[in-house]
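In what follows, a structure is listed as structure tokens, so that the remarks can point back to it.
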């Protein structure tokens, strides 16, 4: 059985969305939450990757910054509204003086995101952590400098 489609109304820079389970969210029009919802309601077997664009960490640790809270709460609400969805939390290691420490830090950051989503009610069995190296020579221009330097975390929907 497919869940009901979200109800959407647009107001300036934010969209009011009513999820299939009745929860209402106010999310940025072009933010991760809007893109994730559009993807989840499509009938397709393809996976989709979405950058967590409001996530921040301390410069050398895995402690989530205050700006991370709202977006992760919204993602958790979306995940709860789509109970069959599964995600991979991807940590990008783009640039690190010491590759091993960069990998450890990236894994710790992805695990912090997983822990926060679990704290908001997403079952850990629906999430996995992946750490990978980015060998591209250019970074997407829309990312903050800290994200271009290796702090990027993204979600891949692996199952709808």
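Derivation of every value follows stated rules applied to the coordinates shown; laboratory data play no part. None of the values given here were measured: they were computed from a predicted structure. Glycine also receives a Cβ, built like all others from the backbone with ideal geometry; neighbour counts cover every protein chain displayed.
Rounded to the nearest 0.05, what FRET efficiency do residue 49 and residue 23 give with R0 = 25 Å and r taken as the Cβ-Cβ distance? Could you check?
Details: r = 24 Å, r/R0 = 0.96.
Calculated transfer efficiency: 0.55.
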When a footprinting reagent is the concern and you count Cβ atoms within 10 Å, what order do 113, 122, 157 take, fewest first?
157, 122, 113
Treat each spin label as a single point 7 Å out from the Cα along the C-beta direction, and report the residue 38 to residue 107 distance in nm.
3.6
FRET efficiency (residue 14, residue 156; Cβ distance; R0 25 Å; to 0.05) is 0.50
